[in-house]
Amino acid sequence: MNSRLVLAALTAASLAPLASAQEAGGATGGIIGQLIFFVPLILIFYFLLIRPANQRQKKHRQMIEAVVRGDTVITSGGLIGKVVKVTEQELSVELADGVRVRVVRSMIADVRSKNDPAPAANDTKSS
């Protein structure tokens, strides 16, 4: 589900009752009517937008903390290499024979453990 589409729909839905109340000459239902409307709206925002983002962030943090020497990592810049040294804030990654770079842990996009099989490449072309 596209989050921008959901956000636009919820914004439009939240503004419609306010516009009709102004046209009618006053707010009907007062503060209780607004609370009945906004509490579910806040819950929808939480469960559709905030909670999934927090879960992804927690999973990424756990993945980065579990990196050990010998793992294959993919950086956010797209570089793939093998971890040769692990410190608290940085990793030393060997990209090729004799080519090592220091990478800040937060810039690791994916970790492939040395025990995990490499994903199969789909090189077949359909005509």
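The values are calculated or read from the model by the stated rules, or taken from the named source; none is laboratory data. A quick note: this is a predicted structure, and the numbers were derived from the prediction, not measured. Note that we place each Cβ from the backbone using ideal geometry, even for glycine, and neighbour counts take in every protein chain shown.
Residues that are modelled with pLDDT of 85 or more and not assigned by TED's automatic domain parsing to the domain that holds Arg105 number at least 3 in the following helices (runs of 4 or more DSSP H) confined to region 1-83: 30-45, 51-65. Looking at region 56-78 only, could you name the residues that are without any contact (Cβ under 8 Å) to a residue 24 or more places away in the chain and surrounded by 13 or more Cβ atoms within 10 Å (Cβ to Cβ)? Hit for region 56-78 is His60, nothing else.
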